[in-house]
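Heads up, the thing below is written out as structure tokens.
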């Protein structure tokens, strides 16, 4: 299982806009529609990545714990479904339902949104403040498949707690690692 680290988009970057189809509802969902005045979490994930499968239950708990506090969540899959059909939109819908996602799971067919966010791996996480500026990007926690540590979301929770308390999130952030995004072949 090869590990690809996140590229660590510069802090302060304004959230790149998007409008993508939600594989669950069928509606087109934009960043502006889902953004929160408190915090917005954008997650690049996919169905088949063992790193995503390892943390998916914690993603559900994270959304359950922080949505009542005004945090918005959205997941995006940008994988090439021609070569990775297990990540196709119909299967994304099934994965979201089986996993208990309470947030939209969007399909980035063109991969332009992943490029705009400089997403490199699944999972790759981005937290934006109420002004849509990036305050956290990096790992969910230090749990990885096979390392024996439970997925707790500790790093993400610390960032969200600081942001919600009006405190600085801190610049020392550890990149996420996971499977590389499956880019379309030229």
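Data for the structure
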{"quantity": "Most mobile of 33, 118, 86 in a GNM of the chain (Cα contacts under 10 Å)", "calculated": "33"}
{"quantity": "For the range 4-180: relative contact order, % (alpha-carbon pairs under 8 angstrom, 6 or more apart)", "calculated": "33"}
{"quantity": "Highest-MSF residue in the chain out of 163, 134, 91 [GNM, Cα springs under 10 Å]", "calculated": "91"}
{"quantity": "Part-to-part distance (alpha-carbon centres) for the range 106-156 and the range 1-73, which is given in Å", "calculated": "7"}
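Every read-out reported here was derived from the displayed coordinates using simple, explicitly stated rules and does not represent laboratory data. Predicted model only: the values in this text are computed from it and were never measured.
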